[in-house]
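Before any comments, here is the structure.
The values are calculated or read from the model by the stated rules, or taken from the named source; none is laboratory data. None of these values were measured; they are calculated from a predicted model. Cβ placement follows ideal geometry from the backbone for every residue including glycine, while neighbour counts extend to all protein chains displayed.
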């Protein structure tokens, strides 16, 4: 599924967001920082009705036990409000979204591949379309027996029908903050009609070699509708990002096999396969490159390195481990 994120062209915001794009992460916002003050609003009328019915049939003690269960669920709701929310849309041509979130067309819109966005994250994440309603969702006894996904969807997956035009789709992570994603997640960038040429050039130069397609938004003649026009002059370059690293006038070629990140301990894990054997010094230079563009915020990072003819279930040829700003590199004493 393709999803879209509108971003501002404001100078400071643009610089911050371009850095995040370059280093492959987005910011999952806390609920209280979202622009709708009604986020996370739920009711518990269902619980009250069910508890009253239980008292009639089974007596006050059972009702009190049920109320305690309700209190426990409210504690769960409070904890879940610490989650990180990344809001996207199913639509990249909506005039209101461009006006509200695309800085009146002075910004741009990012096209993501949802499947790739969900790769590479060790902790549980959720993704679902927002549902729109005239009243907040109600928590009842059935929600206790449902999966965490259903509870989270009720807490953060409903909005007023006034927001329906956004066609919102959300990614939910454990905590607010940086969310590192697979480098193949971004498919295209759409430039707003009023976006400055200097910012377009800066973005194209920063993201070159990644296979990202660039489009210019245009207005359909005699219409309120918009469409994206491919900019062929910026889409001829071969994708080399996370495939090769230039060092001392020669290329180190590799395949990126896997990436994982654990937000609880700020640890990254990377698996690569080299096209040819490299020196220990070259391993360190390559490790710094991977660290910079994949897990810049990681406290620890383990890179498993395989030779070209090795299978992933073999013992890796070398490892590179980052901790306390120092790389520890070990090469196993065998040749494939």
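When the range 177-203 is examined, which residues are found to be surrounded by fewer than 18 Cβ atoms within 10 Å (Cβ to Cβ) and in contact (Cβ under 8 Å) with a residue 24 or more places away in the chain?
Taking the range 177-203 first, the residues surrounded by fewer than 18 Cβ atoms within 10 Å (Cβ to Cβ) are 177, 187, 193-194, 196-198, 201-202.
Across the range 177-203, the qualifying residues are 177, 187, 193, 194, 196, 202.
Taking the conditions exactly as written (outside any loop (DSSP other than H, G, I, E, B), under 25 Å from the mean Cα position of the chain (by Cα), within 22 Å of residue 21 (Cβ to Cβ) and in contact (Cβ under 8 Å) with a residue 12 or more places away in the chain), does residue 257 satisfy them or not? Here the answer is no, as residue 257 does not meet what is asked. Annotation note: of 80, 10, 52, 68, the sole residue that is modelled with pLDDT under 90, in the same structural domain as residue 107 (by TED's automatic domain parsing) and under 27 Å from residue 165 (Cβ atoms) is 80.
Identify, by number, the condition in (1) in contact (Cβ under 8 Å) with a residue 12 or more places away in the chain; (2) more than 26 Å from the chain's Cα centre (by Cα); (3) exposed (fewer than 14 other Cβ atoms within 10 Å of the Cβ) that residue 206 doesn't meet. For residue 206, the exception is condition (2). Just so you know, in the range 265-291 the residues that are part of a helix (DSSP H, G or I) and farther than 20 Å from residue 312 by Cβ include one that is nearest to the chain's Cα centre (by Cα), and it is 291.
Working carefully through the options 251, 260, 276, find the one that is out of contact with any helix residue (DSSP H, G or I) (no Cβ under 8 Å at 6 or more places or on another chain) and under 30 Å from residue 108 (Cα atoms). Matching residue, one of 251, 260, 276: 260. Checking each residue in the range 174-196 for being closer than 30 Å to residue 32 by Cβ and in contact with a helix residue (DSSP H, G or I) (Cβ under 6 Å, 6 or more places away or on another chain) picks out 181, 182, 185.
Check 116, 123 and return the single one that is closer than 30 Å to residue 192 by Cα, outside any strand (DSSP E or B), modelled with pLDDT under 95 and not assigned by TED's automatic domain parsing to the domain that holds residue 269.
116
Might you check whether a residue that is in contact (Cβ under 8 Å) with a residue 40 or more places away in the chain, part of a helix (DSSP H, G or I), surrounded by 15 or more Cβ atoms within 10 Å (Cβ to Cβ) and outside the structural domain of residue 125 (by TED's automatic domain parsing) occurs anywhere in the range 292-304? Checking the range 292-304: at least one residue is in contact (Cβ under 8 Å) with a residue 40 or more places away in the chain, part of a helix (DSSP H, G or I), surrounded by 15 or more Cβ atoms within 10 Å (Cβ to Cβ) and outside the structural domain of residue 125 (by TED's automatic domain parsing). Residues that are in the same structural domain as residue 85 (by TED's automatic domain parsing) number at least 1 in the following helices (runs of 4 or more DSSP H) confined to the range 141-252: 141-144, 148-156.
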